[in-house]
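**Q** The structure under discussion is supplied below as structure tokens; questions concerning it will follow.
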Amino acid sequence: MASVINHTAWIPCSLLPPPADPRPVRPFNADSVNEPLTTIDEAQLVQRIAQRDRQAFSQLYDRYAGALYGTALRIVNDPDEASDILRAVFLQIWNQPGAYDPWLGRPFHWALTLTRNLAIDRLRSLKRRYRFLEEETGERDHSASEWAAGPSEFIDQKKVASIRAAVRTLPLEQRQAMEMAFFGGMTQNEIAETLNQPLGTIKARIRRGMLELRDGLKGAV
Amino acid sequence: MIDERSEAEASLYVLGALPAEEVREFERAMRADLELQLLVNELRAAADTLVVALPRRDPPPPLKQRLLESIDRQEGFAGAAAGGNQLEPPAWQSWMPWALAASFALLCLLLIALGNSLRRQATEARQQLNDQLAGQQREQNNLRTQAEQKAAAYQQQLTELQKQIVRKAEDFERQRQAVEKESENKVLIVQREKKGLEVELARKTTHNERLQQQLADAWASIHGDPFGTIRMAVLDATSDSPTRATAAGAFDLATGRGQLVVESLAPLPPDRDYQLWLFDPNLPGAPVSGGVFGVDEHGGARLQFQPAVTLQAVDKFAVSIERKGGVLAPQGKMVLASH
């Protein structure tokens, strides 16, 4: 069962209106030590990692590694570099589990942020630029096995299909601008310059794309 | 309500595309706006799904094993380092755990007290905020009610004014139509009166002319030639006349009366009459009828006549055979004519 924190760090959660799909983080319970690792949520895994629980670390790796490796590979476009990045991310998770702030989102968002930052830094150090690949999230049909998430991963197969459908419905120019920012670490000005488009156009594309993606995902995640 | 600019900034912020100088400003604005914070959370969750939508790429299988070995080495090194320190424990370490435990217990008590205090403060602050929110909500409702009442009153006044304007416009239109109708009636009356006066003027003018003519004739008869207005002529048979008839005619221009004496004219069938014609040089081609007549067994006749038209002059007399009762213009044979 995945958990999503819909509150921010700046205000107490009691003052916020209830989220659309409230799934609060379960507090750590000593009894959960005896619970099978495949059934406990990600936040509890991180708590166990903080207690130097090697099995919890292994379980978190099994859940996240595919998505994080795919992200790193998408950014640096080099399997060896992507492996190095993934290794660095998980070492950071093992060594600094206290850096995870539940107010800022679920552990996956934290791990994904670490991965993106490392990969984008690596990309810049290699003096390379992110290359938008339309077929990766575009119109090309991938086989079910390519998209399928394993049973131990953080999100189930039906949701993956719904998410992919929501992303595929976005117009190409919106998806391109969003990915150049998210995967390429490019600012709005750099995207506008690269695509040779006015800044206002880029802002509008990203805004529309994000809102459409958010609306399209309602009920999927 | 979040405007489009804030939505765009939130999207760029979540994707990491907002410039650094704008990030600080956006975060400051976000701290003061709960709705914006919720939007950012929603967009952040949406951005994470971009990764989920990527094709699955499994990392190399040995990577996990190498990673686990790395952390095992780290933990082992830490454990070994801890074991090395136990070889020569200092003397003060015998009482150090008790001191640490006591300090920890004291610290726990302090933290519990601090936690309770903070909890109370949070509860009070929450209560105050709730009260303020409720008060603001009530005030907002009151203001909304007042605004709605005022709007309704203004709308009613506006409706009343519109009705008054419509009524005034209708009254004005009715008055305008009445004035127009009255004016038209007056114009018709004036026109009728004018036409009557013109007819009367024409009649008076004709009468005046006639009187002047009569006066002139009377004056001429008194002071001038008594026979100056009498025209006389002898009429001879024409080539179309079956007999050698003759006639004499006289016409007084002053009185408009005349006399014709005929001899030896042939008798006519019952459906025919003789008709006298007088020719006025002022009316060329339009002889004036002097009347119809028949003849006795000797072909004689005496006719006193007065044409219906006033003649200014007569220079010729003629007699034609026409259908019974006469005609407006000569159509039959001329049997007598003056020279």
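The values are calculated or read from the model by the stated rules, or taken from the named source; none is laboratory data. Treat the numbers as computed from the prediction; the structure is a model and nothing was measured. Here the Cβ positions follow ideal geometry from the backbone for every residue, glycine too, while neighbour counts run over all protein chains shown.
**Q** Could you check the range A:192-213 and list, in sequence order, the residues that are over 16 Å from the mean Cα position of the chain (by Cα) and either among the aliphatic types (A, V, I, L, M) or within 8 Å of chain B (Cβ to nearest Cβ) (or both)?
**A** Once the filter is applied, which keeps residues that are over 16 Å from the mean Cα position of the chain (by Cα) and either among the aliphatic types (A, V, I, L, M) or within 8 Å of chain B (Cβ to nearest Cβ) (or both), the range A:192-213 yields A:192, A:195, A:199, A:202, A:203, A:204, A:206, A:207, A:209, A:211.
**Q** Kindly indicate the residue of the range A:135-173 that is away from every other protein chain (no Cβ under 13 Å) and modelled with pLDDT of 50 or more and also surrounded by the most Cβ atoms within 10 Å (Cβ to Cβ) among those meeting that condition.
**A** A:173
**Q** Can you say whether residue B:74 is at the interface with chain A (Cβ under 9 Å from one of its Cβ atoms), assigned to a helix (DSSP H, G or I) and at pLDDT below 85, as far as the supplied structure shows?
**A** Yes, satisfied.
**Q** Continuing with the same structure: Give the residue that is surrounded by the fewest Cβ atoms within 10 Å (Cβ to Cβ), with candidates limited to residues of the range A:47-61 that are at the interface with chain B (Cβ under 8 Å from one of its Cβ atoms) and in a helix (DSSP H, G or I).
**A** Per the stated criteria, the residue is A:54.
**Q** Same structure, new question: Surrounded by fewer than 13 Cβ atoms within 10 Å (Cβ to Cβ) and either in contact with a Pro (Cβ under 9 Å, 6 or more places away or on another chain) or over 21 Å from residue B:323 (Cα atoms) (or both) - does that describe any residue in the range B:265-282?
**A** Yes, the conditions are met somewhere in the range B:265-282.
**Q** Within the range B:257-314, can you find the residues that are under 18 Å from residue B:232 (Cα atoms), small (Gly, Ala, Ser) and not in a strand (DSSP E or B)?
**A** B:313, the sole residue that qualifies.
**Q** I'm trying to understand the selection: among the residues of the range A:71-81, which are among the aliphatic types (A, V, I, L, M) and either closer than 14 Å to residue A:182 by Cβ or within 7 Å of chain B (Cβ to nearest Cβ) (or both)?
**A** Of everything in the range A:71-81, those that are among the aliphatic types (A, V, I, L, M) and either closer than 14 Å to residue A:182 by Cβ or within 7 Å of chain B (Cβ to nearest Cβ) (or both) turn out to be A:72, A:73, A:75.
**Q** Same structure, new question: Among the numbered criteria (1) surrounded by 10 or more Cβ atoms within 10 Å (Cβ to Cβ); (2) modelled with pLDDT of 85 or more; (3) farther than 30 Å from residue A:168 by Cβ, which one does residue B:96 miss?
**A** Status for residue B:96: all satisfied but (2).
**Q** Residue under question is residue A:216, and the condition is that it be at the interface with chain B (Cβ under 9 Å from one of its Cβ atoms) and either farther than 22 Å from residue B:40 by Cβ or in contact with an Asp or Glu (Cβ under 9 Å, 6 or more places away or on another chain) (or both); does it hold?
**A** no
**Q** Right, here's the next one. Looking at A:91, A:86, A:68, A:104, can you tell me which residue is within 11 Å of chain B (Cβ to nearest Cβ) and in contact with a Pro (Cβ under 7 Å, 6 or more places away or on another chain)?
**A** After ruling out the rest, the residue left standing is A:86.
**Q** I've got another one for you. Count, please, the residues in the range B:238-251 that happen to be assigned to a strand (DSSP E or B) and surrounded by fewer than 19 Cβ atoms within 10 Å (Cβ to Cβ).
**A** 3
**Q** Further, regarding this structure: Kindly provide the set of residues from the range A:178-191 that are surrounded by 19 or more Cβ atoms within 10 Å (Cβ to Cβ) and either more than 21 Å from the chain's Cα centre (by Cα) or not polar (S, T, N, Q) (or both), ordered by number.
**A** Of everything in the range A:178-191, those that are surrounded by 19 or more Cβ atoms within 10 Å (Cβ to Cβ) and either more than 21 Å from the chain's Cα centre (by Cα) or not polar (S, T, N, Q) (or both) turn out to be A:178, A:179, A:180, A:181, A:182, A:183, A:184, A:185, A:186, A:191.
**Q** Related question: Say we look at the range A:70-112 and pick out the residues that are over 20 Å from residue B:56 (Cβ atoms) and among the small types (Gly, Ala, Ser); which of these is farthest from the chain's Cα centre (by Cα)?
**A** Ranking the candidates gives A:98 first.
**Q** Hey, among the residues in the range B:15-37 that are at the interface with chain A (Cβ under 7 Å from one of its Cβ atoms) and part of a helix (DSSP H, G or I), which one's modelled with the highest pLDDT?
**A** Filtering the range B:15-37 for residues that are at the interface with chain A (Cβ under 7 Å from one of its Cβ atoms) and part of a helix (DSSP H, G or I), the one modelled with the highest pLDDT comes out as B:15.
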